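Asker: Have a look at the structure that comes next, please.
The values are calculated or read from the model by the stated rules, or taken from the named source; none is laboratory data. Everything numeric in this text was worked out from a predicted model, so none of it was measured. No Cβ is skipped: glycine too gets one built from the backbone with ideal geometry, and neighbour counts run over all protein chains shown.
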Amino acid sequence: MKLHDLSPTPGSRKARHRVGRGDSSGWGRTSGRGEKGAGSRSGSKYRPYFEGGQIPFFRRLPKRGFKSFDRVVYNLVNTSTLETYFNDGDVVDEVALRAKALLPVKKVLLKVLANGDLSKKLTVKANKFSAAAKAKIESAGGVCEIV
């Protein structure tokens, strides 16, 4: 096989649509651009969401609420999850939780919440604990470490 023998699979490449080559082609005269107006002229551009002067969709929707740019986002883990996936005496931190696929890929802070019971003695390392979660972990004989 030589370079001059190579060719694309038949039907995989389509010929370019050549407009403005006579009326009998079906794409002559105005070349599919219609009559007059900015769209018929060269160099015209419309924003993708432009609706012809009608109030745009994003302006028609009601605006509600506020999201602070300074907000702190946490990955949340419940004590019931710790009870299910970890053994007595284990160290629970972000690395251990990711190893068991209990955290999403997103890198954010870790917070432990108190949903569910905990009977195992665990060393839990997190950025934040709810007061009830801290009480549950310590009453089971575990340790809460703020990272």
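To keep it simple, each residue is scored yes or no on (1) modelled with pLDDT under 90; (2) under 27 Å from LYS106 (Cα atoms); (3) surrounded by 10 or more Cβ atoms within 10 Å (Cβ to Cβ); (4) touching a helix residue (DSSP H, G or I) at 6+ places or on another chain (Cβ under 8 Å).
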residue: LYS36; (1), (2), (3), (4): no, no, no, no
residue: ARG41; (1), (2), (3), (4): no, no, no, no
residue: LYS45; (1), (2), (3), (4): yes, no, no, no
residue: GLY52; (1), (2), (3), (4): yes, no, no, no
residue: PRO62; (1), (2), (3), (4): no, no, no, no
residue: LYS67; (1), (2), (3), (4): yes, yes, no, no
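Asker: Taking segment 96-124 on its own, how many of its residues are farther than 25 Å from ASP70 by Cβ and outside any loop (DSSP other than H, G, I, E, B)? Spell out the reasoning first.
Answerer: Within segment 96-124, the subset farther than 25 Å from ASP70 by Cβ is 96-102, 114-124.
Checking the rest, the ones that are also outside any loop (DSSP other than H, G, I, E, B) come to 96-99, 123-124.
Result for segment 96-124: 6.
Asker: I need a count of the residues in segment 69-97 that are surrounded by 15 or more Cβ atoms within 10 Å (Cβ to Cβ) and without any contact (Cβ under 8 Å) to a residue 12 or more places away in the chain.
Answerer: Selection size over segment 69-97: 1.
Asker: Moving to a separate point now. Let me confirm something: among ARG29, ARG21, which residue is surrounded by 10 or more Cβ atoms within 10 Å (Cβ to Cβ) and either in contact with a helix residue (DSSP H, G or I) (Cβ under 9 Å, 6 or more places away or on another chain) or outside any loop (DSSP other than H, G, I, E, B) (or both)? Full working, then the answer.
Answerer: Working: ARG21 fails: either in contact with a helix residue (DSSP H, G or I) (Cβ under 9 Å, 6 or more places away or on another chain) or outside any loop (DSSP other than H, G, I, E, B) (or both).
Only one candidate passes the filter, namely ARG29.
Asker: Which condition from (1) under 30 Å from GLY141 (Cβ atoms); (2) of a type outside the set (S, T, N, Q); (3) modelled with pLDDT under 90 is the one that ARG71 breaks?
Answerer: (1)
Asker: So, in segment 80-95, how many residues would count as being in a helix (DSSP H, G or I) and of a type in the set (Asp, Glu)? Steps first, please.
Answerer: Looking only at segment 80-95, we keep the residues that are in a helix (DSSP H, G or I), and these are 80-85, 94-95.
Cutting the leftovers down to of a type in the set (Asp, Glu) gives us 83, 94.
Result for segment 80-95: 2.
Asker: Still on this structure, please answer the following. How about segment 133-147: which of its residues are within 34 Å of the chain's Cα centre (by Cα), surrounded by fewer than 16 Cβ atoms within 10 Å (Cβ to Cβ) and assigned to a strand (DSSP E or B)? I'd like the intermediate steps shown before the answer.
Answerer: As a first pass, look at segment 133-147 and keep what is within 34 Å of the chain's Cα centre (by Cα): 133-134, 136-137, 144-147.
Cutting the leftovers down to surrounded by fewer than 16 Cβ atoms within 10 Å (Cβ to Cβ) gives us 145-147.
Answer for segment 133-147, where residues must be within 34 Å of the chain's Cα centre (by Cα), surrounded by fewer than 16 Cβ atoms within 10 Å (Cβ to Cβ) and assigned to a strand (DSSP E or B): GLU145, ILE146.
Asker: For segment 116-132, name all the residues that are within 18 Å of THR84 (Cα to Cα) and either exposed (fewer than 14 other Cβ atoms within 10 Å of the Cβ) or out of contact with any Cys (no Cβ under 8 Å at 6 or more places or on another chain) (or both).
Answerer: GLY116, ASP117, LEU118, SER119, LYS120, LYS121, LEU122, THR123, LYS125
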